[in-house]
Amino acid sequence: MKQKNKLGLHWKILIGMFAGLAGGFVLLQFDYGKQLTYDWIAPIGKIFVNLLKLIAIPLILASLIKGVSDLKDIAKFKTIGLRTIGLYITTTVFAISIGLISVNFIKPGEGISTETVHKLEQTYAGNKKIEKKISVAKAQKDKPKLQFLVDMVPDNIFKAMSNNGNMLQVIFFAIFLGITLILIPEHKAAPLKDLFDSLNEAILKMVDLIMLTAPYAVFALIANVIVGTAGDWELLASLLKYGMTVVIGLIIMLGVYMIMVKLFTGKNPFWFFKQLAPAQLLAFSSSSSAATLPVTMERVEEHIGVDKEVSSFVLPVGATVNMDGTSLYQAVAAVFILQVLWPEGLSFSNQLTIILTALLASIGAAAVPGAGMIMLVIVLEALGFPSEKLPVALALIFAIDRPLDMMRTVINVTGDATVSTIVAKSVGKLHSPKPKEWDDNIS
């Protein structure tokens, strides 16, 4: 018999986060704390994230093929697709605009001294991560304008499924196969549909089993972040005004989602956030929309009530091309860098360019690992920012990037879930939730 009034998973995850925060600071007090974290604590978080990434591709493949083939009518899929893309573009423009308004109003760049810039430049001089992101961004920029469409079509589905960075290719194949199942006789399509339906149920139960370990994994992830940022406190303090500008913009974006949920679905926004909380907390801990995707799909389908036909398309596409939090961050970071390093570039036309470039970069750089800073380089180069200052520009925000990355991933996941719920409501695919417990069928 199940226990009543047991502590919800989202509360357990929250406890794990605060325990990880406290544990990280405690470990910093010992000389061996960093090595202890590296050897014995960090691997637990990495295993957890790897497990979620392990099931992301199979889950997308199974749920999307089943969801599309269940539509029975290609016209319905067209409606869902157009509304999804339209809403994703709209929320991204909102996010970029909020970022621009926030950074122009607060002006965080005015608080950065020349000494701080020099210190940041010296600290991150020759940093391989920064150099790699600049080179990847330049390679991305030099590709044909429609290269992102070429990259969506795989030439080998098994190769595509071997890399989570090729998620758009898997989505393309799944949609293609789902549509063909609609077009062939139902009795011939049924066995394959049943196979993917069974696979989908099995993968969802794998999500349940993995999430039972989430509080411990979140402890490890947060403790590793705290220990990993040791020694950067002075730099973090100097960038506090910039960081708060990003956070304020992200909070405003959460308010936009709340209004959208209430206005277009009639749902209580606080209820909506409560149901989504485990996915949001996991997004914060892992800084990965892709790793969070299986949990996001489970929460949206079972706890919010979105039909699989909608969630199986909207959420995987959103995890790869919809980056509201990251796009807002692009706007703040770009203008902040201009305020500090290139004030003459702060024109109205350049800020309009930021909106357009950040929107396009969020799609074009979607499958690139570490897309946030790569997108930022693309945006800066579109403004004509001096190339010799790019390493300094990235060094300026590198120290505080990880905590901000955690926060903007929460917004990315929340935006995907919001659009999924709105699209489902618009096509009559939003029903009363039928939640399953994480530990169902586990004695």
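The values are calculated or read from the model by the stated rules, or taken from the named source; none is laboratory data. No experiment lies behind these values; they were computed from the predicted model shown. Neighbour counts are summed over all protein chains in view; Cβ atoms, including those assigned to glycine, are modelled from backbone coordinates with ideal geometry.
If you go through the range 123-135 and keep only what is of a type outside the set (Lys, Arg), at pLDDT 75 or above and in contact with a helix residue (DSSP H, G or I) (Cβ under 9 Å, 6 or more places away or on another chain), you end up with Ile130, Glu131, Ile134. In the condition set (1) out of contact with any Gly (no Cβ under 9 Å at 6 or more places or on another chain); (2) assigned to a helix (DSSP H, G or I); (3) at pLDDT below 90; (4) of a type outside the set (Phe, Trp, Tyr), Ile57 is compliant with all but (3).
Of the candidates Ile15, Ile60, Ile47, the single residue that is surrounded by fewer than 19 Cβ atoms within 10 Å (Cβ to Cβ), of a type in the set (A, V, I, L, M, F, W, C), under 27 Å from the mean Cα position of the chain (by Cα) and within 23 Å of Leu276 (Cβ to Cβ) is Ile15. When the range 184-214 is filtered for residues that are part of a helix (DSSP H, G or I), farther than 20 Å from Leu293 by Cβ and of a type outside the set (S, T, N, Q), the ones remaining, listed by number, are Glu186, His187, Lys188, Ala189, Ala190, Pro191, Leu192, Lys193, Asp194, Leu195. Taking residues in the range 289-310 that are free of Cβ contacts under 8 Å to residues at least 12 places away in the same chain and in a helix (DSSP H, G or I), and partners anywhere that are of a type outside the set (Phe, Trp, Tyr) and surrounded by fewer than 24 Cβ atoms within 10 Å (Cβ to Cβ), the pairs with Cβ atoms closer than 7 Å and at least 6 places apart or on different chains are Glu301/Lys308.
Here is a check on your reading of the model: is Ala139 under 29 Å from the mean Cα position of the chain (by Cα) and either surrounded by fewer than 17 Cβ atoms within 10 Å (Cβ to Cβ) or β-branched (Val, Ile, Thr) (or both)? Judged against the criteria, Ala139 is a match.
Restricting Ala62, Ala56, Ala75 to residues that are more than 30 Å from Leu346 (Cα to Cα) and without any contact (Cβ under 8 Å) to a residue 24 or more places away in the chain narrows the list to Ala75.
Any residue at all in the range 304-327 that's farther than 30 Å from Leu239 by Cβ, of a type in the set (S, T, N, Q), in contact with a helix residue (DSSP H, G or I) (Cβ under 6 Å, 6 or more places away or on another chain) and surrounded by 22 or more Cβ atoms within 10 Å (Cβ to Cβ)? Yes: one or more hits.
When the residues of the range 136-170 are filtered to those that are outside any helix (DSSP H, G or I) and closer than 25 Å to Ala393 by Cβ, the one that is modelled with the highest pLDDT is Lys143.
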